[in-house]
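Below is one structure, written out as structure tokens; the observations come after it.
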Amino acid sequence: MYLRGVFRASGRTETRIKKLAVICYSIIQIGNLLHTLRYHFFCSTMAMNPPTHTHRAATLTYLQNLSKIPLNPNLTLTKERSNLSFDPLLITHLLDGGPAQTHRRRQIEHLVQGDPVIFSNQTNNHLSRLSRHKRALAKHARMISLMTSLNIKITDPDETNKHLEEFSMLLNGIADDLPTSLHWVMFIPNIHSLFSDSQKAWILPMCERFEMIGCYAQTELGHGSNVRGLETTATYNNFSDTFTLHSPTLTSLKFWPGSLGLTSNHAVVIAQLIIDGKSYGNHNFLVQLREVSERSEL
Ligand SMILES: Cc1cc2nc3c(=O)[nH]c(=O)nc-3n(C[C@H](O)[C@H](O)[C@H](O)COP(=O)(O)OP(=O)(O)OC[C@H]3O[C@@H](n4cnc5c(N)ncnc54)[C@H](O)[C@@H]3O)c2cc1C
């Protein structure tokens, strides 16, 4: 139809053109076939023999050099380490703060490594949130017993203190996120810096024994960096000598307080102090969330 349409030729000419088209098509098909065969032949030849002597020699040298590289990376490391121009132990002591600290760190890490069932981190990425929380609490409980045996205390205000140094050695050895971490990262430092001596006297021993486990509730849904804008109020009740804490709006909802959901039984809540209808700005309030012994919500 196409040919007839294009050439409008006579019947005989049309037959000749058709024959010519069939011949051209066959030539193209044979060309394709030869090309494919040539390609397969080329590939198999390449696989068996590199094309020239130069290429072959280069390939052999490459393979020989490759076989010289040790498969065990530790061998490579060992070789590099044997070439050191300094004593690595001196650097270790420098980083730890001295030979005594290196010794203590290794002692503490050894204790953690000696407890691979509790302190294992191997399945961390495969546990559900609840299983991970449960296991992290088991780690926390074991950590406390190690702290008792090593006489590590965490409520000392002096940050250069030996106890805190050893506590951080212990945490580095455990190398996992514990649901209680806000307790020593935010809660205890807050009690230290903003609470009165008489308040500290009864709060800190409870923190030390982990009877009181705290979190820090400052950020609100609508207020992060803008701490002055916090909307949660703590209104003083003259008659009962108490405070009523209240987040009256959606934007004043406390947001991000790690540990609050499942673990902590107390919170330091940052709220605007209101006395007789007047705001005195943000202050810290200790709020009990759960029963200390039973851990049930209040
Ligand atoms: C992992 C994690 C854990 C947290 N745990 C706690 C917790 O336990 N308790 C708690 O109370 N909060 C917690 N927070 C909240 C945290 O303190 C807030 O995220 C932080 O205060 C910043 O607030 P935002 O996220 O609302 O950011 P925004 O304040 O909205 O800031 C957003 C961006 O704007 C910039 N910005 C803000 N203000 C200004 C300005 N005036 N000028 C120029 N740039 C500005 C900021 O630098 C930032 O880049 C946690 C947050 C994270 C990520």
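Numerical summary
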| quantity | calculated |
| --- | --- |
| Phe187 being in contact with a strand residue (DSSP E or B) (Cβ under 7 Å, 6 or more places away or on another chain) and of a type in the set (Phe, Trp, Tyr) | yes |
| Criterion violated by Ile274 - all others in (1) buried (at least 16 other Cβ atoms within 10 Å of the Cβ); (2) within 28 Å of Pro179 (Cβ to Cβ) satisfied | (2) |
| Among residues of region 158-210, those that are more than 29 Å from Thr102 (Cα to Cα) and either within 16 Å of the ligand (Cβ to nearest atom) or of a type in the set (Val, Ile, Thr) (or both), counted | 6 |
| Positions within region 126-173 being under 18 Å from Asn190 (Cα atoms) and in a loop (DSSP other than H, G, I, E, B), in sequence order | Lys153, Ile154, Thr155, Asp156, Pro157, Asp158, Glu159, Thr160, Asn161 |
| First in region 211-237 and within 15 Å of Ser247 (Cα to Cα) and small (Gly, Ala, Ser), second anywhere and part of a loop (DSSP other than H, G, I, E, B) and within 10 Å of the ligand (Cβ to nearest atom), Cβ under 6 Å, 6 or more apart | Ala217/Pro257 |
| Conditions (1) touching a residue at least 12 places away in the same chain (Cβ under 8 Å); (2) surrounded by fewer than 17 Cβ atoms within 10 Å (Cβ to Cβ): number failed by Ser168 | (1) |
| Filter result (within 25 Å of Lys200 (Cβ to Cβ) and of a type in the set (D, E, K, R)) within region 211-246 | Glu211, Asp241 |
| Filter pass, Gln101 being within 16 Å of Leu164 (Cα to Cα) and in contact (Cβ under 8 Å) with a residue 12 or more places away in the chain | yes |
| Hits in region 197-228 - residues which are loosely packed, with under 14 Cβ neighbours inside 10 Å, small (Gly, Ala, Ser) and under 17 Å from Ile270 (Cβ atoms) | Gly224, Ser225 |
| Residue match in region 69-76 (condition: modelled with pLDDT under 75 and over 53 Å from the mean Cα position of the chain (by Cα)) | no |
| Those strands (runs of 3 or more DSSP E) lying entirely in region 213-298 with at least 1 residues within 9 Å of the ligand (Cβ to nearest atom) | 214-217, 266-275 |
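Here's the yes/no breakdown for (1) more than 26 Å from Thr219 (Cβ to Cβ); (2) in contact with a strand residue (DSSP E or B) (Cβ under 9 Å, 6 or more places away or on another chain); (3) touching a residue at least 40 places away in the same chain (Cβ under 8 Å):
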| position | (1), (2), (3) |
| --- | --- |
| Asn125 | yes, no, no |
| Leu130 | no, no, no |
| Leu137 | no, no, yes |
| Thr148 | yes, no, no |
| Ile154 | no, no, yes |
| Leu178 | no, no, yes |
| His192 | no, no, no |
| Ser198 | yes, no, no |
| Trp202 | yes, no, no |
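The values are calculated or read from the model by the stated rules, or taken from the named source; none is laboratory data. A quick note: this is a predicted structure, and the numbers were derived from the prediction, not measured. Glycine also receives a Cβ, built like all others from the backbone with ideal geometry; neighbour counts cover every protein chain displayed.
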